[in-house]
Amino acid sequence: EAGVAQSPRYKIIEKRQSVAFWCNPISGHATLYWYQQILGQGPKLLIQFQNNGVVDDSQLPKDRFSAERLKGVDSTLKIQPAKLEDSAVYLCASSLEHGREETQYFGPGTRLLVL
Amino acid sequence: AQSVAQPEDQVNVAEGNPLTVKCTYSVSGNPYLFWYVQYPNRGLQFLLKYITGDNLVKGSYGFEAEFNKSQTSFHLKKPSALVSDSALYFCAHNQGGKLIFGQGTELSVKP
């Protein structure tokens, strides 16, 4: 079974530029998550989708971050404009369904450096 | 606020010795606890979870964890450590679909 796919793996941009990350979840997984992991910290949830609807985006900085999952499969996370503090690893995860018992499976992440 | 704590930033163990990575939690209601491992430049890999039932949970790669309600702990254990177990370990609580992670513990296993 293929895992969660993410691209690109690495990205370097200058502040105020825009960037987009792509995620393809495990086939058949209804729920998709985006996490931000700053160096030396545990990941923090940015947004979670159930199919193509948003379940929780309370931690997403909506003035600069946006995410979509239009067809309920793959997803794109965008930052515009980027700030220095956005330098982090962006992890995508998916689970079969939404719920506290569900195991979330993570992709390899996209490492973003903002200069 | 619901939280998970990993009191040790780093754990050093000799190969072949037992290892323990500690995790404590502070949640309202029932805890839904997970352990993940992260190797350099890779995503998180699921090891095991506690939802309900037996307090001793067995997971991948020979790892197990013991849920202790009175001590609000969920420590990760392995009877005999391998050098290849060296990695960053995260404990997490699932709050309504959102994983709340501890700060991570760096495990170093020396030959």
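Yes/no per residue for (1) under 18 Å from A:TYR35 (Cβ atoms); (2) more than 10 Å from chain A (Cβ to nearest Cβ); (3) without any contact (Cβ under 8 Å) to a residue 24 or more places away in the chain; (4) open to solvent by less than 70 Å² (accessible area, probe 1.4 Å):
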{"site": "B:GLU8", "(1), (2), (3), (4)": "no, yes, no, yes"}
{"site": "B:SER28", "(1), (2), (3), (4)": "no, yes, no, no"}
{"site": "B:ASP54", "(1), (2), (3), (4)": "no, yes, yes, no"}
{"site": "B:SER70", "(1), (2), (3), (4)": "no, yes, yes, no"}
{"site": "B:LYS78", "(1), (2), (3), (4)": "no, yes, no, yes"}
{"site": "B:LEU88", "(1), (2), (3), (4)": "yes, no, no, yes"}
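Taking the stretch B:90-111 as the search range and keeping residues that are assigned to a strand (DSSP E or B) and away from every other protein chain (no Cβ under 14 Å), which one is farthest from B:GLN45 (Cα to Cα)? Write out each step before concluding.
Quick first cut of the stretch B:90-111, residues assigned to a strand (DSSP E or B) only: B:90-95, B:98-101, B:105-110.
Within this subset, residues satisfying the condition of being away from every other protein chain (no Cβ under 14 Å) are B:107-110.
Details: B:LEU107: 15, B:SER108: 17, B:VAL109: 19, B:LYS110: 22 Å.
Ranking the qualifying residues of the stretch B:90-111, first place goes to B:LYS110.
Can you tell me which residues in the stretch A:73-110 are more than 9 Å from chain B (Cβ to nearest Cβ) and surrounded by fewer than 20 Cβ atoms within 10 Å (Cβ to Cβ)? A:VAL73, A:ASP74, A:THR76, A:LYS78, A:GLN80, A:PRO81, A:LYS83, A:LEU84, A:GLU85, A:SER87, A:LEU96, A:GLU97 - these are the residues of the stretch A:73-110 that are more than 9 Å from chain B (Cβ to nearest Cβ) and surrounded by fewer than 20 Cβ atoms within 10 Å (Cβ to Cβ). So for the stretch A:36-51 (the condition being over 12 Å from the mean Cα position of the chain (by Cα) and among the small types (Gly, Ala, Ser)), does at least one residue qualify? Yes, the stretch A:36-51 contains a residue that is over 12 Å from the mean Cα position of the chain (by Cα) and among the small types (Gly, Ala, Ser).
Would you please name the residue that is surrounded by the fewest Cβ atoms within 10 Å (Cβ to Cβ), looking only at residues in the stretch B:30-52 that are among the β-branched types (Val, Ile, Thr) and assigned to a loop (DSSP other than H, G, I, E, B)? Before you say what the answer is, go through the steps one by one.
The initial filter retains those residues of the stretch B:30-52 that are among the β-branched types (Val, Ile, Thr), namely B:37, B:51-52.
From what's left, assigned to a loop (DSSP other than H, G, I, E, B): B:51-52.
Values: B:ILE51: 16, B:THR52: 9.
Filtering first and then ranking leaves B:THR52.
Scan the stretch A:37-72 residue by residue and report those that are away from chain B (no Cβ under 14 Å), buried (at least 16 other Cβ atoms within 10 Å of the Cβ) and of a type outside the set (Ser, Thr, Tyr).
If we filter the stretch A:37-72 for residues that are away from chain B (no Cβ under 14 Å), which is where we start, we get A:52, A:61-72.
With the extra rule that they be buried (at least 16 other Cβ atoms within 10 Å of the Cβ), the set shrinks to A:65-67, A:69.
A:PHE65, A:ALA67, A:ARG69, listed by residue number.
Check the stretch A:9-25 and report whether any residue there is open to solvent by 60 Å² or more (accessible area, probe 1.4 Å) and either at pLDDT below 95 or within 11 Å of chain B (Cβ to nearest Cβ) (or both). Checked the stretch A:9-25: at least one residue is open to solvent by 60 Å² or more (accessible area, probe 1.4 Å) and either at pLDDT below 95 or within 11 Å of chain B (Cβ to nearest Cβ) (or both). Filtering the stretch A:83-101 to residues that are touching a Lys or Arg at 6+ places or on another chain (Cβ under 9 Å) and closer than 17 Å to B:LEU33 by Cα leaves only A:GLU101.
The values are calculated or read from the model by the stated rules, or taken from the named source; none is laboratory data. In this text the structure is predicted, and so the values were computed from the model without any measurement. Counting neighbours? That spans all protein chains shown, and the Cβs are built from the backbone with ideal geometry, glycine included. With ligands, DNA and RNA removed, areas are computed over all heavy atoms of the protein, side chains included. Shrake-Rupley method; radii C 1.70, N 1.55, O 1.52, S 1.80 Å.
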